[in-house]
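These notes are about the structure you will find just below.
The values are calculated or read from the model by the stated rules, or taken from the named source; none is laboratory data. Values in this document were obtained by computation on a predicted structure and should not be read as measured data. Cβ coordinates were reconstructed from backbone atoms using ideal geometry, including for glycine residues, and neighbour counts include every protein chain displayed. To get the accessible areas, we keep the full protein, side chains included, count just its heavy atoms, and leave off ligands, DNA and RNA. Shrake-Rupley method; radii C 1.70, N 1.55, O 1.52, S 1.80 Å.
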Amino acid sequence: MAHPLSYLTEQLNQWRQEGTYQRLRVLQSESAAESRFDGKDVINLASNNYLGLTTHPKLREAALEATRKFGVGSGAVRTISGTMSLHLELEERIARFKNVEACVVFQSGFAANAGTVSAILGPEDHIISDELNHASIIDGCRLSRAKIHVFPHKDVAAAEKILAELDGVSGRKLLISDGVFSMDGDIGPLPGLVEAAEKHGAIMMVDDAHASGVLGRCGRGTIDHFGVHGRVQVQVGTLSKAVGVLGGYVCGSRDLIEYLYHRARPFLFSTSHPPAVAASCLAAFDVLEQEPERIQALWDNTKYFKAGLASAGFNTGMSETPITPVIVGEAKLAHELSQALFEEGVLATGIGFPTVAKGKARVRTIVTATHTKAELDRALEAFRKVGKKLGLV
Ligand SMILES: *Cc1c(COP(=O)(O)O)cnc(C)c1O
């Protein structure tokens, strides 16, 4: 008799044949502008550590101090006995930063999205969702059992048309978009979406995972970038990317947050962050406000690197942020490009289906504030050399 899981082995073998089987790269140093992966020192263009906060001395010290004072774990889920004063302090800090009434922190951005959408909507409701929204939004939508209406990427007119068709149909409506799209690096059309939501009485929700710490004053996100304060009822952010640690949060009205305290399943059924995580996140918000030059450096590097890739002749899609994809088409080619870059001392991950659509496979690059011009030049040189060899430029 075949092993009951033999179908998984067959699938893995098929991926090996197709060239889409992925071995995990192992990070053997800190996550930084240059890091050691699989025994090789490379320029790291594959982290979300936009501002270099993963190794910031203030965050490191805050984590150590919290660990000494409060131990390594919270001991329970938030609703049982796992709400520490540090957790509340962090939520108040984020709410002040975002200029909203209240905030709830989740274990991850994924948990924030999945837990929130599924908590505030039910089977009788409607979700109007951008086709490129993050997987955690999609999962939250599915868990809610609401009807899901997908609109073409960034197409405000199409979203509004769906909303108009739903006028008079029973159930609540939620219009939802990423603030910055994680695979393409383009920015969601918030002003148009907000207007459409208001016109049709829909709830507006924005996932600012890649905009937190990157866009808006001191990294306050796309709501601040576009000046649509007070018009997005559910704002999601992450603590895992530019903030450099781990976690996700939802900002909004006091009652939204209290409701999520009662009904968001990751909040109720999964243990809260260790003290070190909450304390280092708190320190990160001080750094965001005290060291705005980091965000400036991030954008300077972004412009420099994008210009270099474009002048080399690469297809970088529609990016407007530090996320710059190099689109190659077939997944196999993306993985080949990634491997060849690695051999030249650059880590940039190949990404294919199901993370992006078939035929739109890419190598995704993310520059950070801490890359030097010399590092970016070396990375661009590697791209040019390998791009020529593979016939991409
Ligand atoms: C990364 C990401 C998340 C998940 O955040 P984590 O904190 O890593 O779980 C959610 N939404 C978007 C758009 C993301 O890019």
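From the list Ala158, Ala102, Ala112, the one residue that fits, being open to solvent by less than 10 Å² (accessible area, probe 1.4 Å) and either in contact with a strand residue (DSSP E or B) (Cβ under 6 Å, 6 or more places away or on another chain) or among the β-branched types (Val, Ile, Thr) (or both), is Ala112.
No other residue among Glu61, Glu34 is acidic (Asp, Glu), farther than 21 Å from Ser212 by Cα, surrounded by 14 or more Cβ atoms within 10 Å (Cβ to Cβ) and modelled with pLDDT of 95 or more apart from Glu34. Residue-level analysis places Leu246 outside the set of residues that are in the same structural domain as Ala202 (by TED's automatic domain parsing) and either without any contact (Cβ under 8 Å) to a residue 40 or more places away in the chain or not in a loop (DSSP other than H, G, I, E, B) (or both).
On the stretch given as region 239-274, residues that are more than 15 Å from the ligand (Cβ to nearest atom), farther than 16 Å from Ala95 by Cβ and of a type in the set (Ser, Thr, Tyr) total 1.
Flag set for Val214, criterion: assigned to a loop (DSSP other than H, G, I, E, B), surrounded by 23 or more Cβ atoms within 10 Å (Cβ to Cβ), in contact with a strand residue (DSSP E or B) (Cβ under 8 Å, 6 or more places away or on another chain) and touching a residue at least 40 places away in the same chain (Cβ under 8 Å). Scanning region 163-185 for residues that are of a type outside the set (A, V, I, L, M, F, W, C) and surrounded by 19 or more Cβ atoms within 10 Å (Cβ to Cβ) yields Lys173, Ser177, Asp178, Gly179, Ser182, Asp184, Gly185.
For region 103-156, a residue qualifies if it is over 21 Å from Gly185 (Cα atoms), near the ligand (Cβ under 10 Å from one of its atoms) and not in a helix (DSSP H, G or I), and the qualifying residues are Phe106, Gln107. Residues in region 187-209 that are in a loop (DSSP other than H, G, I, E, B) and open to solvent by 10 Å² or more (accessible area, probe 1.4 Å): 5 in all.
Against the numbered list (1) among the hydrophobic types (A, V, I, L, M, F, W, C); (2) without any contact (Cβ under 8 Å) to a residue 40 or more places away in the chain; (3) within 25 Å of Ala334 (Cα to Cα), Trp299 comes up short only at (3). Quick one: in region 337-378, of everything that is open to solvent by 50 Å² or more (accessible area, probe 1.4 Å) and within 17 Å of Pro325 (Cα to Cα), which residue is modelled with the lowest pLDDT? Among those residues, the one meeting the criterion is Pro354.
In region 369-393, the residues that are touching a residue at least 24 places away in the same chain (Cβ under 8 Å) and aromatic (Phe, Trp, Tyr) form Cβ pairs under 8 Å with partners that are open to solvent by less than 60 Å² (accessible area, probe 1.4 Å) and part of a loop (DSSP other than H, G, I, E, B), at six or more places apart or across chains, as follows: Phe383/Phe314.
From Val236, Val228, grab the single residue that is hydrophobic (A, V, I, L, M, F, W, C) and within 16 Å of the ligand (Cβ to nearest atom). Criteria check complete, one pass: Val236. Figure legend. Inter-residue proximity from region 101-116: first residues in contact (Cβ under 8 Å) with a residue 24 or more places away in the chain, second residues within 8 Å of the ligand (Cβ to nearest atom) and charged (D, E, K, R), beta-carbon distance below 7 Å, spacing 6+ or different chains. Indicated pairs: Asn113/Asp207.
Select from region 39-69 the residues that are in contact with an Asp or Glu (Cβ under 8 Å, 6 or more places away or on another chain) and of a type in the set (D, E, K, R) and write down the one among them that is nearest to Cys218 (Cα to Cα). Per the criteria, the residue is Lys58. Figure legend. Inter-residue proximity from region 166-183: first residues within 20 Å of Thr238 (Cβ to Cβ), second residues among the polar types (S, T, N, Q) and not in a strand (DSSP E or B), beta-carbon distance below 6 Å, spacing 6+ or different chains. Indicated pairs: Asp178/Asn133; Gly179/Thr222; Val180/Thr321. Against the list (1) on the phi > 0 side of the Ramachandran plot; (2) within 19 Å of the chain's Cα centre (by Cα), the condition Gly140 fails is (1).
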